[in-house]
Every structure is written in structure tokens, then in C-alpha cells.
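Okay, structure first, notes after.
The values are calculated or read from the model by the stated rules, or taken from the named source; none is laboratory data. This structure is a prediction, so every number in the text was calculated from the model and none was measured. Every residue, glycine among them, receives a Cβ derived from its backbone with ideal geometry; neighbour counts consider all protein chains shown.
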Amino acid sequence: MSEGELPLVFFSLTVAALATLLILPPGVAVAYGLARWEGAGKGLVETLLSLPLVLPPTAVGLVLLELLARGSPLGRALDALGVEVVFTPKAVVLASAVMAFPLLVRAARSGFEEVDPRLVAVARTLGDSRVRAFFRVTLPLAWRGVLTGALLAFSRALGEFGATVLVAGNIPGRTQTLSLAIFHRTQLGQDAEALRLAGIATFIAFAAIYATEILSRRRGARARA
Amino acid sequence: MRTLLLALLLALPSASLAGERVLVFAAASTTDALQEVGRAFTKQQGPRVEFAFGASSDLARQAVAGAPADVFLSADTAKMDQVEKAGLVQAGTRVELLSNRLVVVVPVDSKQKVASAADLRGVKRLTLADPAAVPAGLYAKGWLEKVGVWKELEPLVVPTLDVRAALAAVEAGRVDAGIVYATDAAQSKRVRVVLTVPEAEGPRIVYPVAALSRGKDSEAGRAFVHFLAGDTARSIFERYGFIVLSGKPQP
Amino acid sequence: MIEISLRLPLARFALEIDARFTSASVAVMGRSGSGKTSLLESLAGLRRGARGRLVVGGHMLLDSAVGMDVPPEERRMGYVPQDSLLFPHLTARENVRFGVRKGRPSRVDEAVALLELEPLLHRYPVTLSGGERQRVALARALATDPALLLLDEPLAALDVALKERVLPYLLRIRDEARVPLLYVTHQLGEARVLAQEALLLEEGRVRAVGPADAVLGGVTRGLLGMEPEENILEGSLERPAEGGLRLRVAEGFSLWVPDAANLAAGVHAAYAVLAEDILLSVGPLTGVSARNVLEGTVRRSEEAGVGDRVLLVEVAGVSLAVRVTEGAVRELRVVEGSRVFLAVKTSACRRLR
């Protein structure tokens, strides 16, 4: 990798990792909730959560932009606190996090659904509170699903473009991720560099998805045992 | 992108219609003026004019890649050279058509005062059309380099796809200030011009235009370029704030 | 001491149980869907909608009148579900130790010894047999020193041979570990062996409650909806001169049973004979291979399942259930009061204790 590329890749990986870590606790909580609870409005919640998956990323980016704009209540609150989000790396993390969230929830949820809820009941009779039982029984049994979700979320965050470009801008050295850089290079007519970056992106994505494949095979094997 | 979609649509009709339609690739800053010129052209001469507006760098790239543009109006000479080098320009049709001025704008309700380039240092965020490729950004960067503040301002810059996107960012208040063309600022009620770049400090802005050939010379394209240099077009351009150059054909 | 005053709405009816138990083991029986498992879950604290009062060993677990509902993790009920439900990601040892924590009473070593789990401790549940898994589940519940053990058909998932092997462990828990048991079962035989008190449920309501012998003996057997139906016959063993082993059930009623060297004459024993293993004839039986031929009178004729009937036949004052097909009853014209002959093979007699 040439000089300019290394910090770019590093930035992209860091941002994707941060986005993934950011959504992990709420994503796992939501996934668990969807796996266990049946109630009024569950369908609505599922639909809302799936929106970033089917909406054009630019639409999502636009919504984020409006929410964070100077004039909005949230924007004003952030301004008062001296916190800048739009056009900063924070916005990149945020955009990636929002787009990746549904993927994490889906995969983690299916991991949780594979865990027999009666095991938690037994754990409770043995003295564990619901929370303790979650960490001692449910999570250890569902970790493959959660990890798969995290890997998928990571890959999605890495490839994020539409929402990111709107809410974070394509600022070289500040908010330019791998995806944005590829686009920018083509705009500058630097096709060879663009291709090289695309190659790096492909390699990383391949590794991440391959890992999820291995994980799902191991899950299948254990289920059959 | 709109241009690509347009190109796809145009690829479908049969070749016999080619004379009836002109596809013009033009710099984003000429959007409103050129649309009016196009309507006048159609009224006077007949062929329909279709536009694809965007950053001249993007348009040049797409033309070179094969997009079926009949006319190219660029915001700087470099992009026209690029297209000409690719052999797409019909001989004798290249003309230096317009010029423009750079201005610094702020949101209309902003209290920001900018008396000179140096004052921009007090700004939190400054938007330009991508200074790496887009003419408007290149001009702005050229100016800021000339007055020696580019290095300090560079970390504050938010680059956009084209100059109209930069304008929109200022209108929406997403940035504190932006550098756009005087003609763009004149179009918007939501920005305020705080500084017009003096001629002495600013770069020489030239908008060349040319008729393109896609293997087959476009008659209507040539006619449109000729129309652009005429009086009707001139008065429209001047009304929008463009500086019309002598219109001498380039050798 | 167990006090149950419970109201719990279920799918088709509501559970309404008022009962008091004082012994070391209580059997809960009834047809599938009669609410047995729901009762167990309510005791364990796993049923949110339960209302009423639950007191176990002097500890109040539920008192809706004062809004008290102790969560399951604080109830100290040892719950052993029907399919053991061991934690698959933990070894047997880790499973047993699951509920044990510093500052909490622990009977781990005792449980492991009682259930003979030493050689299994390092293994994962997936490598254990059904019987071994049940033993681990029992030890796991026992290890937390529970006030009461709730067992949901612990032997149901096991085949006959395994049942025989695990049953003694349950007895040891009751007698040596001195932990009271509340035990849901379908099998009359097990209930008779383990239970000192019994509760019979029908559609969520108490059909009978009291000492096991009283509740489980007699004519109500058909209503238990248990299959297969078993006849439990008790008496003392004798070794007649001609050889073999015989159980003297009552005056004029002796049953040849399978011989076993370790059984001495005079010993009190109980045997089970399945209702479907008894052959019925309306005329005297001669020249048949079965060594046991009994004569009796039909006292009751009940429908039982698809195309079957269960006849309660009185032999020398002892009631025996005999399962025959509808067709047979019609053809043989067997009605209440009919005199019939029963044949029981020696091998069909299974020793309980």
C-alpha cells in the first residue's frame, strides 16, 4: 500500500470498528427482545428497524442530516454542548452505525432464537436473576449469532457510502473512508488508484464474510450434535 | 447520476431523431441561465435542448468515457482541453464564452463579517466545490493560495460535488461560509455575499464551449454553440450576472 | 410442609388448587393437560399469573393478598424439568455447580456422591445418556440445598431399564438427602413407590388428595388417564414346595412371579402387571401356558381410548384392571356382573420393590 492509502485504510477500519462497537449493546438488547417477546406492536418495531436495510442510503443520510442540522432541536443541543457531529468523523461513525444496525439485529436475533428459553427458566430456579442468566446461559449459547451479526455490521459499515457522504461529507483526511476515496479517485480521473483501493476493500470484505461462513457452519454442526 | 440516466434514455431512440435533439453538458453554475437560453433556442430554431448540469470535471470524464453529449460548456479550460485531447471536439467550434467572479457567501441570517480572505480564518467551516477537481473549487483554491491563507484554511474545508452543492450547503446553514460564483449567489435568496474577490487577487475564470462529435458530427450541436455566441444568448447571460467574453473562435 | 392455595388461568381452564402436604414426597398425577406442569412451574415461580398463597417449609413464596411474589431466583426450589435441560455449553461438573455461589449453602459434594456422578463430571451433556443426564439434572437441583425438589416426570423420557436404574436415586434423595419431593408422573407404579402423599388433578381441579395409598388405589385408576394402566399387587412372597416364587396377594389369590435367587420367602413385595397383559376369557381356561389363571367378576366396564375398554375385575376381593378391545367385549358379551377367567403370564409380573 502506498503512502496515502495506509492511513485511509486504517481510518476506515477504525470507523467501522467503532460503529460496530457502538451498536453492539443496543443491538444485542433489541435482538434479544425481538427473539423473546411477543406483543402488540412487535411487527411495527421490526419494520422500523429494517428500514435502513431497504431505504436508499442517501435517504437515511438525509434524515440524519436533518436531525443534526443547526436548526433542529438536537442540533441546537449539540451546538450548546460544543459538540460537532456533521462533517466530522463522528458523523461517519454515526452513519455507518445506523446503516449497519439492522444487520446486527437480524443475525443476533436468530442466534438468540436458537437458544431454548426454558434453559433460562432453569437458570433462574438455580438462583440467577434474568440478567445473570442472560450472561451465563443465553449469550454463551448465542455468541456465534452475535459475532456473525457483528461481522456483517462491520462489513456494512466499511462499505457505507450514501448516508456517509451526505452527513459527513467527503473530506480527505478527515471523513474520507475507503468507499468515499474510491469514488473521489474516479472523479479525479485516478482510475488506477481507485481500482487499487477497490481491491483492498474487496479483500477486507471477503475476509469478514468468509469468517461469518465458518461461524455459521460451526453453529450448524453443533445444532446437529 | 442524472447524466448517466440521461445517456441511457438517449441511447434508446433511433438515430433519425438525433438532429431533433441537443444534449448539452454544462457547468453547474450555468444551470438557470442556460435553461433559459435553451428555451429561446428551441423557439427560434426548433431542436429540443436537454441538459446535464454538474461539475465540469465529472462531465468531462463522462464525455470522454463515451456519454453522447453534443455540446460541452466547461467552467475552466483544463476540462475542455481534456475533452479536446480525447478527440471529441468538432473542429473550429471551441469558443471562450463566459467569465465569472468569485464571491464569499454566508447564510442570509448570519452575522459573519468577511472583509478579506484573511477573515476567513475565523470561520468554523468553509465549503468549496471539490478543490481537487472541480473548476469552482480550483479557482477558489487558486485565489486562497495567491493571498497566502490556503494552508491555514485547508483543514476547515468541506468539499462538495459541484458549486451548486456548495451553495446549498451555505443556504442550509450546514457551513459558516462558502466560495461560489457571483452568478450562483445572485440566484439564491438564502445567502448573503460578504466579499467579492477582487480581480487583482482572483484567478482568470474562463468558460469555454464547444460542439462535440460522437463519431458523427452533430449539426444541431454546432447550431447551438453558434446560438450561444449570439445576441439573444448574450443578453440572457448578462442578466444572470455572467461576463460575456468577446466570443472569438479559438484557433 | 407445603401449603398450596393457587389460582392460575390456563388456556382451556383455570388451575384451582387448595391442598396441604406434610410428608417427604408428594406425587402429582392426572391426564395430560390437567395442569400438573403448570402447578410445578407456579411453585418454581416461573408463572407470572399465579395468584393465591404458596408456603413451603415455612417460607412464604406467594401471597397475593399482600402483593408478595418471590421471584424464582429467590425461592430455593430445585426444579428438574422433564428433559433434564442441562446447559449444553457446560460440563456436568459446571452444570451441577451452576447454582452454587459464595455465601450460599451448597450440597454439591453430597449431590455428586449420592448420584454417583464422579466419572461423568468432566463430560459435556451431549455425550451423556438420558439416564446420566437426568442424574446430573437432579444433582444440579440438589446442589443448591433446595427447600423442595420439583420433578416433572423425571423418568418419562427413559426406557424401562433406565427407569429402574434412576428410581433408586430418587429414593435416596428422599431418604438420605432428606429433601422433600413434589413429583409429577404418569406412572402409577413409580408414584406408589416414591410417594407418601398424592394429588390427583383433573382439568385444573383437585380430584383427590391425601395419603398415597388412599388416593392411588382403587377404582379411580381409569380416571387417571394413565397409560399404560398398571395393576399393583402387594403381598408376601412364598416359595412353594414345587419350586418357583409366588406372591400371596389375598386369601385365594396367589400370583406366580419371576423367580430371583435373592428373594426370600416371607418378604413383603409389590409387583406390577399391565392391564393389557391380562388375557380374558368367558369360559374356564385349560391347557394354557400361563401359570396364573384367576377367576373373578366384572364390576365395572369403562371406555378407555380408541376402541378399547377397561374392565375392572374383582378377584378374591382385589380389583384388577384388564384392557380389552370393544370388539372383544361385544363378541364375548361381557357385562357388569359377568363371571370371567383371567390369565396372567409369570413374565408379565414386574417387581417394584
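When A:Pro140 is evaluated against the numbered criteria (1) out of contact with any His (no Cβ under 6 Å at 6 or more places or on another chain); (2) within 13 Å of another protein chain (Cβ to nearest Cβ), which criterion, by number, is the only one it fails?
(1)
Are any of the residues in segment B:57-64 in a helix (DSSP H, G or I), among the small types (Gly, Ala, Ser), in contact (Cβ under 8 Å) with a residue 60 or more places away in the chain and within 14 Å of another protein chain (Cβ to nearest Cβ)?
yes
Is there a residue being free of Cβ contacts under 8 Å to residues at least 40 places away in the same chain and under 13 Å from C:Gly204 (Cα atoms) anywhere in segment C:47-55?
Going through segment C:47-55, the residues free of Cβ contacts under 8 Å to residues at least 40 places away in the same chain turn out to be C:47-48.
Checking which are under 13 Å from C:Gly204 (Cα atoms) leaves us with none.
No, that holds for no residue.
Exactly one of (1) surrounded by fewer than 22 Cβ atoms within 10 Å (Cβ to Cβ); (2) under 24 Å from the mean Cα position of the chain (by Cα) is unmet by C:Leu138. Its number?
Result: C:Leu138 passes all but (1).
Report those helices (runs of 4 or more DSSP H) wholly inside segment C:30-136 carrying at least 2 residues which are more than 23 Å from A:Glu114 (Cβ to Cβ) and within 14 Å of chain A (Cβ to nearest Cβ). Walk me through how you get there before you give the answer.
Details: elements: C:36-44, C:92-96, C:108-114.
In segment C:30-136, C:36-44, C:108-114 are the helices (runs of 4 or more DSSP H) which contain 2 or more residues that are more than 23 Å from A:Glu114 (Cβ to Cβ) and within 14 Å of chain A (Cβ to nearest Cβ).
Go through (1) surrounded by 21 or more Cβ atoms within 10 Å (Cβ to Cβ); (2) more than 17 Å from A:Thr58 (Cβ to Cβ); (3) free of Cβ contacts under 8 Å to residues at least 60 places away in the same chain; (4) within 14 Å of chain B (Cβ to nearest Cβ) for A:Gln176 and report which single condition fails.
Going through (1) surrounded by 21 or more Cβ atoms within 10 Å (Cβ to Cβ); (2) more than 17 Å from A:Thr58 (Cβ to Cβ); (3) free of Cβ contacts under 8 Å to residues at least 60 places away in the same chain; (4) within 14 Å of chain B (Cβ to nearest Cβ) one by one, A:Gln176 breaks only (3).
Of all residues in segment A:62-119 being within 10 Å of another protein chain (Cβ to nearest Cβ) and in a helix (DSSP H, G or I), which is nearest to A:Arg156 (Cα to Cα)?
A:Leu65
Can you confirm whether segment C:225-238 contains a residue that is at pLDDT 85 or above and not in a strand (DSSP E or B)?
Looking through segment C:225-238, none of the residues is at pLDDT 85 or above and not in a strand (DSSP E or B).
Pull up segment C:239-252, narrow it to residues that are in contact with an Asp or Glu (Cβ under 6 Å, 6 or more places away or on another chain) and part of a strand (DSSP E or B), then point me to the one that is surrounded by the fewest Cβ atoms within 10 Å (Cβ to Cβ). If you could, list the steps in order and put the result at the bottom.
Filtering segment C:239-252 for residues in contact with an Asp or Glu (Cβ under 6 Å, 6 or more places away or on another chain) gives C:244-246, C:248.
This time we only want the ones that are part of a strand (DSSP E or B), so: C:245-246, C:248.
Numbers: C:Leu245: 22, C:Arg246: 21, C:Arg248: 15.
Within segment C:239-252, the match that is surrounded by the fewest Cβ atoms within 10 Å (Cβ to Cβ) is C:Arg248.
Of all the residues that make up segment B:193-223, how many are in a loop (DSSP other than H, G, I, E, B), within 23 Å of B:Ser116 (Cα to Cα) and either within 14 Å of chain A (Cβ to nearest Cβ) or not acidic (Asp, Glu) (or both)? Outline the logic, then answer.
From segment B:193-223, those in a loop (DSSP other than H, G, I, E, B) are B:197-206, B:214-216, B:218; that's our starting set.
Imposing the further condition that a residue be within 23 Å of B:Ser116 (Cα to Cα) reduces the set to B:197-205.
Applying the additional criterion that residues be either within 14 Å of chain A (Cβ to nearest Cβ) or not acidic (Asp, Glu) (or both) yields B:197-198, B:200, B:202-205.
Within segment B:193-223, residues that are in a loop (DSSP other than H, G, I, E, B), within 23 Å of B:Ser116 (Cα to Cα) and either within 14 Å of chain A (Cβ to nearest Cβ) or not acidic (Asp, Glu) (or both) number 7.
Which condition number does C:Ile4 fail, the rest of (1) of a type in the set (A, V, I, L, M, F, W, C); (2) on the phi < 0 side of the Ramachandran plot; (3) within 14 Å of chain A (Cβ to nearest Cβ) being met?
Here C:Ile4 meets the rest and fails (3).
Identify, by number, the condition in (1) at pLDDT 90 or above; (2) within 10 Å of chain B (Cβ to nearest Cβ) that A:Ala157 doesn't meet.
A:Ala157 satisfies all of (1) at pLDDT 90 or above; (2) within 10 Å of chain B (Cβ to nearest Cβ) except (2).
Show the residue pairs meeting these rules: Cβ distance below 6 Å; 6+ apart or different chains; first residue within segment A:115-141 and among the acidic types (Asp, Glu); second residue in a helix (DSSP H, G or I).
These pairs meet every condition: A:Asp128/C:Glu73.
For segment B:81-91: of the residues being touching a residue at least 60 places away in the same chain (Cβ under 8 Å), in contact with a helix residue (DSSP H, G or I) (Cβ under 9 Å, 6 or more places away or on another chain) and not β-branched (Val, Ile, Thr), which is farthest from B:Phe224 (Cα to Cα)?
So the first thing to find is which residues in segment B:81-91 are touching a residue at least 60 places away in the same chain (Cβ under 8 Å), and the list is B:83-84, B:88-90.
Right, trim to in contact with a helix residue (DSSP H, G or I) (Cβ under 9 Å, 6 or more places away or on another chain) and you get B:83, B:88-90.
Narrowing the set further to residues that are not β-branched (Val, Ile, Thr) leaves B:88, B:90.
Numbers: B:Leu88: 16, B:Gln90: 13 Å.
Here the answer is B:Leu88.
Restricting to segment C:163-184, name every residue that is part of a helix (DSSP H, G or I), of a type in the set (A, V, I, L, M) and over 14 Å from C:Leu352 (Cβ atoms).
If we filter segment C:163-184 for residues that are part of a helix (DSSP H, G or I), which is where we start, we get C:163-175.
Narrowing the set further to residues that are of a type in the set (A, V, I, L, M) leaves C:166-167, C:170-171, C:173.
Listed by number, the residues that qualify are C:Val166, C:Ile173.
Looking at (1) over 16 Å from the mean Cα position of the chain (by Cα); (2) at pLDDT 85 or above, which is the only condition B:Leu9 fails?
Going through the list (1) over 16 Å from the mean Cα position of the chain (by Cα); (2) at pLDDT 85 or above, B:Leu9 breaks only (2).
Considering (1) more than 26 Å from C:Val160 (Cα to Cα); (2) in contact with a Phe, Trp or Tyr (Cβ under 6 Å, 6 or more places away or on another chain); (3) not hydroxyl-bearing (Ser, Thr, Tyr), say which one C:Arg351 fails and leave the rest.
(1)
Which one is nearest to the chain's Cα centre (by Cα) among residues in segment C:69-91 that are surrounded by fewer than 20 Cβ atoms within 10 Å (Cβ to Cβ) and modelled with pLDDT under 90?
C:Gln82
Please work out if C:Gln187 is touching a residue at least 40 places away in the same chain (Cβ under 8 Å), within 16 Å of C:Leu352 (Cα to Cα) and either surrounded by 17 or more Cβ atoms within 10 Å (Cβ to Cβ) or assigned by TED's automatic domain parsing to the domain that holds C:Leu6 (or both).
Working: touching a residue at least 40 places away in the same chain (Cβ under 8 Å): yes; within 16 Å of C:Leu352 (Cα to Cα): yes; either surrounded by 17 or more Cβ atoms within 10 Å (Cβ to Cβ) or assigned by TED's automatic domain parsing to the domain that holds C:Leu6 (or both): yes.
Criteria met by C:Gln187.
Filter segment B:124-138 down to residues that are within 26 Å of the chain's Cα centre (by Cα), free of Cβ contacts under 8 Å to residues at least 60 places away in the same chain and assigned to a loop (DSSP other than H, G, I, E, B) and give me whichever is surrounded by the fewest Cβ atoms within 10 Å (Cβ to Cβ). Explain how you work it out, then say what you get.
Taking segment B:124-138 as the starting set, the residues that turn out to be within 26 Å of the chain's Cα centre (by Cα) are B:125-138.
With free of Cβ contacts under 8 Å to residues at least 60 places away in the same chain added as a condition, the list becomes B:125-128, B:131-132, B:137.
Filter once more, so that each one left must be assigned to a loop (DSSP other than H, G, I, E, B): B:125, B:131-132.
Values: B:Arg125: 21, B:Pro131: 21, B:Ala132: 16.
Here the residue is B:Ala132.
In segment A:121-132, how many residues are buried (at least 22 other Cβ atoms within 10 Å of the Cβ) and either within 20 Å of A:Arg36 (Cα to Cα) or away from chain C (no Cβ under 14 Å) (or both)? I'd like the intermediate steps shown before the answer.
Of segment A:121-132, the ones buried (at least 22 other Cβ atoms within 10 Å of the Cβ) are A:122-126.
Restricting the remaining residues to those that are either within 20 Å of A:Arg36 (Cα to Cα) or away from chain C (no Cβ under 14 Å) (or both) gives A:122-125.
Qualifying residue count for the region: 4.
Suppose we filter C:Ala260, C:Ala272, C:Ala328, C:Ala321 for residues that are assigned to a loop (DSSP other than H, G, I, E, B) and either in contact (Cβ under 8 Å) with a residue 24 or more places away in the chain or buried (at least 19 other Cβ atoms within 10 Å of the Cβ) (or both); which single one remains? Outline the logic, then answer.
Numbers: C:Ala272 fails: assigned to a loop (DSSP other than H, G, I, E, B); C:Ala328 fails: assigned to a loop (DSSP other than H, G, I, E, B); C:Ala321 fails: assigned to a loop (DSSP other than H, G, I, E, B).
Checking each option against the conditions leaves just C:Ala260.
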